[in-house]
Structures are given as structure tokens and as C-alpha cells.
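Working notes, structure below.
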Amino acid sequence: MNLSKLRYEQRQQQREEERAAEAEAEREAEAGRRRAEEEQYAAWRGAFGVEGAGHEAFPSAEAEDEALAALAAHLAAEGSTELSALPAAFPWLPARDVRRRIAQLEERGAVSGVFDHSRGRYVHVSRAQMEEIARAVRERGRLSVAELSRECARVLSS
């Protein structure tokens, strides 16, 4: 009986030692991965440099108006525009100013639409589309939010 108990305890101890060795090997492997990632990061960081930052101001008010007119035309043509893509299409437009510039265009009456904050998009709504939605509301009277949403989706997708 004592011999079997002794063997059992030895096997238990051996299993615990194996688990501890495996855990140590995992920690060492993770540390090696972290070191490799840090080295790779340092190598990449050294490869890039910032020579200049910022956006130049417009040389004149006319140039700014022309640029904003081009932005308004782009928003109207696209219908639904991803806000993060606008700085690539318009180099003069920094990402932090996208919403402000679109709001500026809306105040001027150059565009009309809604910001889809959850998807990071601006959805342009033309006068004709607004009138069609208003006509549907007048014809049907009261609409639930779901019905209004369906009507807007129908009008904007056509």
C-alpha cells in the first residue's frame, strides 16, 4: 500500500514539474515574441520620418470657395461618403476639419444631408429627395420611426 502511494505521489510531483516547465517555456516564448516585436517596431520607426506637417492656408478667399465648391460637388455626386476618405481626396482638408467644413457647407446651403456617426459617413440628401420624403409623410400622416426609416432608405437608395 505504501509503495503504491509513493508511486502515486511521485507521478503527481512529476506532472507538477512538467506543468511548471511548460508554463516557464510559454513565458519565455512570449518574452521572445515581445522582444522580436519591439525590435521590429524600432526598425520600422527608424525607417519613417516626418518632414513636415499641417496644411497650407488658401492663398485667397476665391481659392477656398473653389475648394469648398469641389467638396460640395463630391458630396452630392457620391450620395454617401465615408468621412475618413475625404482627406485623401482633398489634400487641403485635414481629417480633424472634415465635419466642420461639411457643416460650413450646410450653413451656406451648398449641401444638405445627415452625419451617420455610427458608420463614419455623410449621407447627402438632395432637395428632391427631401421633398419626396415630405410628400410621403404628408400623404400617410403619422408614421412610425420604422416606417419613416424605410421610406428614407427607399428614397435615398433610388
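Working only within the stretch 133-149, note down all residues that are more than 24 Å from residue 76 (Cβ to Cβ) and surrounded by 13 or more Cβ atoms within 10 Å (Cβ to Cβ). Hits for the stretch 133-149 are 143, 147.
Which one is nearest to residue 63 (Cα to Cα) among residues in the stretch 78-105 that are among the charged types (D, E, K, R) and crowded, with 16+ Cβ neighbours inside 10 Å? Explain how you work it out, then say what you get.
As a first pass, look at the stretch 78-105 and keep what is among the charged types (D, E, K, R): 78, 82, 96-97, 99-101.
Remaining after also requiring crowded, with 16+ Cβ neighbours inside 10 Å: 78, 101.
Working: 78: 23, 101: 15 Å.
The extreme case among them is 101.
Among the residues in the stretch 60-73, are any modelled with pLDDT under 85, part of a loop (DSSP other than H, G, I, E, B), acidic (Asp, Glu) and not assigned by TED's automatic domain parsing to the domain that holds residue 126? Taking every residue of the stretch 60-73 in turn, none turns out to be modelled with pLDDT under 85, part of a loop (DSSP other than H, G, I, E, B), acidic (Asp, Glu) and not assigned by TED's automatic domain parsing to the domain that holds residue 126. Residue check: is residue 76 among the hydrophobic types (A, V, I, L, M, F, W, C), assigned to a helix (DSSP H, G or I) and touching a strand residue (DSSP E or B) at 6+ places or on another chain (Cβ under 9 Å)? Yes; evaluated as a whole, the condition is true for this residue.
Within the stretch 96-126, the set of residues being acidic (Asp, Glu) and at pLDDT 90 or above comprises 106, 107.
Looking only at the stretch 124-151, which residues are over 26 Å from residue 84 (Cβ atoms) and either part of a loop (DSSP other than H, G, I, E, B) or in contact (Cβ under 8 Å) with a residue 40 or more places away in the chain (or both)? The answer is 141, 142, 143, 144.
Given the residues 121, 154, which is the only one that is touching a helix residue (DSSP H, G or I) at 6+ places or on another chain (Cβ under 9 Å), basic (Lys, Arg) and in contact (Cβ under 8 Å) with a residue 12 or more places away in the chain? Explain how you work it out, then say what you get.
Numbers: 154 fails: in contact (Cβ under 8 Å) with a residue 12 or more places away in the chain.
Of the residues listed, the single one that is touching a helix residue (DSSP H, G or I) at 6+ places or on another chain (Cβ under 9 Å), basic (Lys, Arg) and in contact (Cβ under 8 Å) with a residue 12 or more places away in the chain is 121.
The values are calculated or read from the model by the stated rules, or taken from the named source; none is laboratory data. Remember, it's a predicted structure, so these values are computed and weren't measured experimentally. Cβ coordinates were reconstructed from backbone atoms using ideal geometry, including for glycine residues, and neighbour counts include every protein chain displayed.
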